[in-house]
Amino acid sequence: MQLLRRIGLVLLWLAAPVVAFAAANKNDPYLLPLRGAGNIALVVASIMIVIVLLRRKHWRSTAGKLLVMLWCLLPVLMSAAHLKFELRKHDVLAASPAEARQLGPHFVVGYSSFPEVARLAEEGLIGGVYVTRHNIRGRTVEALRAEIAALQDIRRAAGLPPLVVAADQEGGIVGHLAPPLTKVPALATLSGLAPDDQQAKAEEFGRIHGRELAGLGVNLNLAPVLDLKPPSRRNRLDFHTLIGQRAIATDPAVVSTIASAYVRGLEESGVGATLKHFPGIGRVRTDTHHFSASLDAPVKELEATDWLPFREVLSHSRSALMVGHVTLTAVDPDRAASHSKRVVEGIIRDTWNHQGVVMTDDLVMGAIYQHDVCKAVVEAINAGVDLLLVAYDGAQFYRVFACALNGSRQGKLDAAMLRASAARLERGFPTEQARAALLTRSTLEIARAASRARGD
């Protein structure tokens with residue numbers, strides 16, 4: 001029994017600093033699973049441990065007093081972290097209408113709380129929302145459709161432009177709303193077909209996604225993936241990118257053919273496509289969800305290979321372009337492409353003359369968030385990025401928006417860039433009326449095709 005008590009004390013000593021660290025950083029994206037009930041459980045556990053230590057009179061020794069103090073510290077650290085979060089949130093919500101109008105349209109945010117995101121939408125602090133599996137888990141399609149419609153009604157009542165409503169339906173292993181939406185195979189499954197069949201099937205996949213997403217109220221799909229399929233297996237620390245399973249093919253021509261057809265099918269219903277992840281992560285061995293990553297290939301080589309699908313699909317569609325958190329070392333070795341002026345303005349805008357919407361990959365990914373996220377936010381806006389995505393952990397919106405807000409108040413944001421970006425956003429997405437007309441047309445075409453098939 002004495003041995004068990006000693007083992008228990010050792011475990012408490014080992015656990016105390018770990019739990020204290022978690023309490024002090026309770027708002028970190030990596031600790032998202034601990035939020036809510038997890039936080040309450042930690043506080044209750046710490047209180048119970050302190051009670052047990054006091055009842056067993058461990059406080060009489062110096063070491064015992066220290067152990068009791070360590071476990072008493074947990075609720076204090078958690079309260080301090082929560083206070084810091086609430087103060088930052090208060091500052092964001094107190095932004096002036098002018099600040100909201102200037103900065104809000106550039107943020108697309110994931111959410112768990114409808115009342116909270118409704119307030120952000122009503123006050124113009126966001127330009128869009130991102131819906132994913134937790135928004136539909138345990139609910140019906142009709143419930144989510146009504147929720148999205150309610151958000152758009154709030155925007156209309158406030159005299160604000162409609163929200164961008166984004167989802168991530170690539171097909172294959174990435175289909176965050178499927179089920180209940182249709183689970184479509186990965187576009188990579190089409191690479192072995194004849195070119196005509198590739199186009200026909202890819203367009204069909206795009207139409208399926210487009211009809212279902214448009215029916216839900218989603219107007220921007222974060223697909224297709226245009227990275228070239230890597231020729232070899234990535235490292236074993238790649239837990240989330242998994243580009244080998246998501247990329248279409250190794251041949252740029254095949255990628256262009258399939259992706260172009262998919263985008264056509266998607267756009268028929270008024271849903272925009274997003275080409276990702278420029279400058280390409282097929283060659284990168286590091287998972288940017290957690291680590292910084294570099295793309296070391298020469299620009300000429302990338303122009304002749306990896307970038308061909310991006311330029312091809314951009315040339316005949318209204319697609320947005322997602323820029324990843326990969327450092328293109330030949331162009332800007334000091335920062336990721338997602339906030340590099342040399343990449344966004346120098347290559348995408350000036351060299352390619354692409355004046356459509358450019359957005360970042362999720363800013364809650366480790367390659368950005370675990371570094372100087374405020375510097376990245378300011379640099380992204382000044383580089384000409386139009387939409388900043390805060391998807392995985394919507395609560396981080398307050399931190400990211402605060403970065404932009406402070407940058408604006410300190411005169412660090414390029415006002416001309418913000419105006420040009422606002423113009424791109426205004427013309428970059430079809431109006432609600434246009435999307436409704438496209439969806440109606442698509443539905444009528446399906447009905448006519450069915451009628452012809454029956455011989456009516």
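Each value in this text was obtained by applying a stated rule to the coordinates, not by laboratory testing. Bear in mind the structure is a predicted one, so any value in this text is a computation, not a measurement. Ideal geometry is used to build each Cβ from the backbone, glycine not excepted, and the neighbour counts take in all protein chains shown.
When the alpha carbon gyration tensor of segment 185-234 is reduced to an equivalent ellipsoid, the three semi-axes, largest first, read 24, 16, 7 Å. Each Lys and Arg contributes +1 and each Asp and Glu -1, all at the Cβ; summed about the Cα centre of segment 2-83, the dipole is approximately 460 debye. Taking 0.36 nm per residue of separation and subtracting the Cα-Cα distance, full extension of the segment from residue 370 to residue 353 would add 2.9 nm. On full extension, the segment bounded by residue 285 and residue 5 gains 96.1 nm, given 0.36 nm per residue less the C-alpha separation. According to the calculation over all Cα-Cα pairs in segment 2-83, the P(r) per 10 Å bin from zero is 18, 49, 25, 7, 0 %.
In summary, the lysines within cross-link reach of residue 201, defined as a Cα separation below 21 angstrom excluding same-chain residues under 8 places away, comprise 183, 229, 276. Here the Kirkwood formula puts the hydrodynamic radius of segment 115-199 at 14.8 Å, using every distinct Cα pair. About the centre of its Cα atoms, the chain shows a dipole size close to 1900 debye [charges on the beta carbon of Lys, Arg (+1) and Asp, Glu (-1) only; nearest 20 debye]. Placing a pseudo-label 7 Å from each Cα along the Cα-to-Cβ vector at residue 416 and residue 315 gives an inter-label distance of 3.0 nm. Between residue 250 and residue 88, the FRET efficiency from the beta-carbon distance, with R0 = 41 Å, is close to 0.35. Counting every C-alpha pair in segment 234-379, the share spaced more than 21 angstrom apart comes to 42%. Near residue 183: Cβ cut-off under 13 Å, other residues only, Lys/Arg at +1 and Asp/Glu at -1. The net charge is -1.
Would you work out which of 199, 161, 356 lies farthest towards the positive end of the dipole of the chain, given +1 charges on the beta-carbon of Lys and Arg and -1 on that of Asp and Glu, about the Cα centre? Value: 161. The per residue volume of the convex hull around the alpha-carbon atoms of the chain is 181 Å³.
In the chain, helices alone account for a calculated mean residue ellipticity at 222 nm of -16500 deg cm²/dmol, with every DSSP H run of four or more residues adding -39,500 (n - 2.57). Cross-link partners of residue 89 among lysines, defined as those whose alpha carbon lies under 27 angstrom from its own and excluding same-chain residues fewer than eight positions apart: 26, 375, 412. Note on segment 2-83: dipole from Cβ charges, positive end direction compared against 51, 82, 22; the farthest Cα belongs to 51. Look at 311, 427 and count the other Cβ atoms within 10 Å of each Cβ; fewest to most, that gives 427, 311. Computed extension gain for residue 242 through residue 112, at 0.36 nm per residue and net of the alpha carbon distance, reaches 44.2 nm.
Note on residue 299 and residue 139: the model spin-label points, each 7 Å out from Cα along the C-beta direction, lie 4.5 nm apart.
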